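Structure first, then comments.
The values are calculated or read from the model by the stated rules, or taken from the named source; none is laboratory data. Note that the structure is predicted; figures quoted are calculated from it, not measured. Here Cβ is always computed from backbone atoms with ideal geometry, including for glycine, and neighbour counts include all displayed protein chains. Heavy atoms of the whole protein, side chains included, go into the accessibility calculation; ligands, DNA and RNA do not. Shrake-Rupley method; radii C 1.70, N 1.55, O 1.52, S 1.80 Å.
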Amino acid sequence: MIKFFKSTFEKIIEGTLFLSSTITTLAIVLIIVFLFREGIGTFNQSPIEEGFSLVVNKNNPINELSAQQIKNIFDQNITNWKTVGGNKDSIILFNLDNISNFYSDSAIGENFEFLPQCISDYTEKHSGVVAFVSTRYTGKGFTGKILTTPKVTITQFISQKEWFPTAQPAAQLGVLALILGTLWVSFGAIVIALPLGLATSIYMAEVANPKVRNFLKPLVELLAGIPSVVYGFFGLVIIVPGIQKLFDLPVGETALAGSIVLGIMALPTIITISEDALRTTPKAMKEASLALGANKWQTTARVVIPYSSSGITAAAILGIGRAIGETMAVLMVTGNAAVIPHSFLEPVRTIPATIAAELGEAPQGGLHYKALFALGCILFIITMAINLIVGYVSSKKKYNTR
Amino acid sequence: MIISKKVIRNKNLKEKIAFNIFRVFSAIVVLSLVAILSFIIYNGISVINWTFLTAMPEDGMTKGGIFPAIVGTLCLVAGSMIFAIPIGVFSGIYINEYTKDSFYKRFIKLMTNNLAGIPSIVFGLFGMSLFVNTLRFGDSIIAGSLTLGLMVLPVVIRTTEEALKSVDNSFRHGSLALGATKLQTIRKVVLPMAFPNIITGIILSVGRVSGETAPILFTVAAYFLPKLPSSIFDQVMALPYHLYVISTSGTNIEESRPIAYGTALVLIGFVLIVNLAANALRKYFGKKVKMN
Amino acid sequence: MEHIITTELVSLFYSEFQALKDISIDFLPNTVTALIGPSGCGKSTYLRLFNRMNDLIDNVKITGKVTIEGEDIYKKDTNIVELRRKVGMVFQKPNPFPKSIFENVAYGLRVNGVNDMSVLKEKVEFSLKQSALWDEVKDKLKKSAFELSGGQQQRLCIARALAIEPSIILMDEPASALDPISTAKIEELIYELKNNYTIVIVTHNLQQAGRVSDYTAFFYIGELIEKGETKELFINPKNIKTQNYITGRFG
Ligand SMILES: Nc1ncnc2c1ncn2[C@@H]1O[C@H](COP(=O)(O)OP(=O)(O)O)[C@@H](O)[C@H]1O
Ligand SMILES: [Mg+2]
């Protein structure tokens, strides 16, 4: 009886432990579900705000305008219908705010009750007109043509350059600039961090005497633990003004500042992992090299580094991963201009920084909100890919003891 | 075969050059790291006093203290640990002690690694979508804690696993041979031996949780809230977010600089204490285990 | 005959701990000398004196005199690279480098400035033939050394040591990690190599010492207890400790 009770108890505990271990998997599944559910929502929506539509004269042959064309038209970069494939007719932007210039108060009505007729009338009279109006005004009796706008597509999302999710009349959802910004800053970071980090790890593993190493190791660990806002803050008060003065720039918040801060932040990751990898080199192997008359550097370069190359590669990739996913520090020092960077001395904006900066203002469930989740999806996919690569690289069998 | 003097001189010269490059690079790394630390300590130390630590922020966060942010961060640390410690330690035990099936083990390992690699801002998105919006917790301690807890879960799992792995199998066999059940063996023999390393891992994850900003941005952190929370459904201020706010978007960035230095120093001090505690524990228990 | 290696009252300290106590042994060229004794008695430490591998360990202090080919190797201006070229070493576990078979053997030459491919090819072939591995690997010289079996790896390590033309080869339990067949091959090889090299071999396997060596030295807790011709020492040990050891009463 007692035995039965005991074994049941053990089974219960084992079950509890098992359940705990499934939570990690569950968490990942949940993250994927929630991230992608919101993110994919981006692609079923029109870039034009719900409840509004674009209208033109009914004789205008144009039936559809893309988000980009809309933006260009309203920014007056495109001024003739011919440019977008229509008649040769200059575009007239109709703005509801100016309606009183064209119609008397009485024509509009005391409570704007005749507004729809006025809009209808105006679009009918001007062949080149385009207006952005509430769908309330374009119901029964409206004589203009309502344009359709293609829904946001994945290709568009990825390949378009402009990120301006709050633009009127049509949100511009191109993440190319953000992706390039992220890669740009991370690339700079890794260019800084990789040589420094690898050199330091080699120094710690192969050159430094134990006393120096015992001082360096905890220092590096400590720096791995310092919050990213603190690095960002340091960047903001030291590196940003430094860069501004050094290069005589209007602002110091640049890709370079981001790269430097991220580079410093990636150092502990790179140093720790690559030092661990270097240390796995069997002592016997190093001794064999020395016994053949190689000096320490030859041993390091020809035996230790090749032996630990997969670990070193993993360190580098994880360093990149850390840089790509970092949010706060970058947000604080890169200036956050959503444009494709042309040099390290210009402001850029990365994917994580965009999410952090905009999510607070994006109305829940709206297109902007969903687009930010789509950015999260991209980030998620990138980091998953990095994880898989690291897993693959570090699992590659290097040494067969038998 | 005679090795010429020239060859030897040549290779020793190369060694000298290479090693000196490593020395210089390491020195750059160490100096920049030390520079960051000392810069913040130097500027922050004069700001920190009892009032700073225990007073509410005043005058648009340009004066006063950071008390609510400290309390908020402590709440988040406690909340996330309540979630992450049991689940993380349990998973670690299950993975290391119960799974023989190497496929399941590999699978869980892959999942843990993947979870560990997800950027913190993605956790923020997820937490907002699930805890804040779907479960309707709103911006609250519970939403932030769960998000942070999930984020450090892989750290706790991994350290537990490593700690258990370092316990030699002979102890398990010895106990089992004496007729102890598996659970008894784990409870009475394995866990006590692995305990110091598990604790060290947990302490380090406390450090991580206390400094993260991105996951709490949209799940709990309040811009300015000069009162203490009364329930887990309240918003709180948090140290890292506070530092972000007063250094980038406060009402008067210049005037709140001293507060920013102070906050940064408190954050660093927290990490420092956590690291020292972890090291001390490791040493203390290391000795004790050896003595037994 | 002139001694190729001599040690005179050599003591070695790992910090405070004295691992070798006043050891004096002389070695004749083209002989095999076995160092035997219980584990931890200082055999490896003694062996590593000859190519100064103990220098790599921090806080090692050495007193006494070691000469190789008449030169004091612990003199200040000793050229360690040249010494290690002269004194090859084979380790307990096969420890090939993460490189091809060819590059493993060529390693010692390359790190010492020989990069001429024709020279390398010739030496690699010669060494592999000497270590009786050539026929097994000649078609896969570009393959990773890790693809070889344990016994082959160990012969590769011997070839690697031979490539830089040493006159002395140190072997630290070279067969202890191998199966009996591979062990037999290594022993055969040692017998062959004796014609051209002086060999000092550490072994805990007494039969092996009996089979391969001309001379044997017995160590016990850092001290040299007895040395002499192998046959003599095995049949007629003078010291009671030696007797106990070879009859298997301890160790
Ligand atoms: N690097 C070292 N540091 C300190 N003590 C050592 C070191 N290497 C060996 N010893 C000690 O020196 C003694 C002799 O070791 P060793 O020469 O390896 O013995 P053997 O090869 O005969 O088994 C042992 O007691 C060992 O513990
Ligand atoms: Mg030994």
Return the residue satisfying two criteria in turn: it lies in the stretch C:1-19 and is near ligand 1 (Cβ under 8 Å from one of its atoms) and more than 14 Å from chain A (Cβ to nearest Cβ), and of such residues it is surrounded by the fewest Cβ atoms within 10 Å (Cβ to Cβ). C:F17
Of the residues in the stretch C:124-140, how many are over 15 Å from C:G151 (Cβ atoms) and open to solvent by 60 Å² or more (accessible area, probe 1.4 Å)? 6
Take A:I320 and decide whether it is part of a helix (DSSP H, G or I), β-branched (V, I, T), closer than 28 Å to A:G242 by Cα and open to solvent by 10 Å² or more (accessible area, probe 1.4 Å). yes
Here are the criteria: (1) at the interface with chain A (Cβ under 7 Å from one of its Cβ atoms); (2) buried (at least 20 other Cβ atoms within 10 Å of the Cβ); (3) out of contact with any Ser or Thr (no Cβ under 6 Å at 6 or more places or on another chain). Tell me which single one B:A84 does not satisfy. (1)
Report whether or not A:I340 is open to solvent by 20 Å² or more (accessible area, probe 1.4 Å), among the β-branched types (V, I, T) and more than 25 Å from A:P227 (Cβ to Cβ). yes
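Okay, residues lined up against (1) of a type in the set (G, A, S); (2) surrounded by fewer than 20 Cβ atoms within 10 Å (Cβ to Cβ); (3) within 14 Å of another protein chain (Cβ to nearest Cβ):
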{"position": "B:V155", "(1), (2), (3)": "no, no, yes"}
{"position": "B:E162", "(1), (2), (3)": "no, yes, yes"}
{"position": "B:S210", "(1), (2), (3)": "yes, no, yes"}
{"position": "B:P229", "(1), (2), (3)": "no, yes, no"}
{"position": "B:A238", "(1), (2), (3)": "yes, no, yes"}
{"position": "B:V245", "(1), (2), (3)": "no, no, yes"}
{"position": "B:Y261", "(1), (2), (3)": "no, no, yes"}
Residues (surrounded by fewer than 16 Cβ atoms within 10 Å (Cβ to Cβ) and either of a type in the set (V, I, T) or at the interface with chain A (Cβ under 7 Å from one of its Cβ atoms) (or both)) located in the stretch B:10-22: B:N12, B:K14, B:I17, B:I21
Tell me which residues, restricted to the stretch C:57-102, are more than 9 Å from every other protein chain (Cβ to nearest Cβ) and more than 30 Å from C:G222 (Cβ to Cβ). C:S100, C:I101, C:F102
Single residue of B:V34, B:V47 found to be surrounded by fewer than 22 Cβ atoms within 10 Å (Cβ to Cβ), within 9 Å of chain A (Cβ to nearest Cβ) and hydrophobic (A, V, I, L, M, F, W, C): B:V34
Could you tell me whether the stretch C:82-99 includes any residue that is open to solvent by 60 Å² or more (accessible area, probe 1.4 Å), away from ligand 2 (no atom under 16 Å from the Cβ) and either over 23 Å from A:I305 (Cα atoms) or among the hydrophobic types (A, V, I, L, M, F, W, C) (or both)? no
Expected single match for within 16 Å of ligand 2 (Cβ to nearest atom) and either touching a residue at least 40 places away in the same chain (Cβ under 8 Å) or of a type in the set (A, V, I, L, M, F, W, C) (or both) among C:L28, C:L9, C:L35 is C:L35
Wholly within the stretch A:242-309, helices (runs of 4 or more DSSP H) carrying at least 2 residues that are free of Cβ contacts under 8 Å to residues at least 24 places away in the same chain and assigned by TED's automatic domain parsing to the domain that holds A:A199: A:283-291, A:296-299
Out of the residues in the stretch C:37-72 that are β-branched (V, I, T) and more than 14 Å from ligand 1 (Cβ to nearest atom), which is nearest to the chain's Cα centre (by Cα)? C:I68
Can you tell me which residue within the stretch A:189-233, out of those that are among the charged types (D, E, K, R) and more than 7 Å from chain B (Cβ to nearest Cβ), is surrounded by the most Cβ atoms within 10 Å (Cβ to Cβ)? A:E206
Within the stretch C:205-249, work out how many residues are open to solvent by 20 Å² or more (accessible area, probe 1.4 Å), in a helix (DSSP H, G or I) and more than 16 Å from ligand 2 (Cβ to nearest atom). 12
Go over the candidates A:L331, A:L345, A:L367, A:L375 one by one and state the one that is touching a residue at least 40 places away in the same chain (Cβ under 8 Å), of a type in the set (A, V, I, L, M, F, W, C) and open to solvent by 30 Å² or more (accessible area, probe 1.4 Å). A:L345
Could you go through the stretch A:240-254 and let me know if any residue there is surrounded by 19 or more Cβ atoms within 10 Å (Cβ to Cβ), touching an Asp or Glu at 6+ places or on another chain (Cβ under 8 Å) and at the interface with chain B (Cβ under 8 Å from one of its Cβ atoms). no
Looking at (1) more than 14 Å from chain B (Cβ to nearest Cβ); (2) farther than 30 Å from B:G262 by Cβ; (3) buried (at least 24 other Cβ atoms within 10 Å of the Cβ), which one does A:L176 not meet, given that it meets all the others? (3)
Which of the helices (runs of 4 or more DSSP H) found entirely inside the stretch B:101-191 contain at least 1 residues meeting this: in contact with a Cys (Cβ under 6 Å, 6 or more places away or on another chain)? B:141-165
Can you pull out the residues in the stretch C:48-78 that are within 16 Å of ligand 2 (Cβ to nearest atom), closer than 12 Å to C:A19 by Cβ and surrounded by 14 or more Cβ atoms within 10 Å (Cβ to Cβ)? C:R48, C:L49, C:N54, C:V60
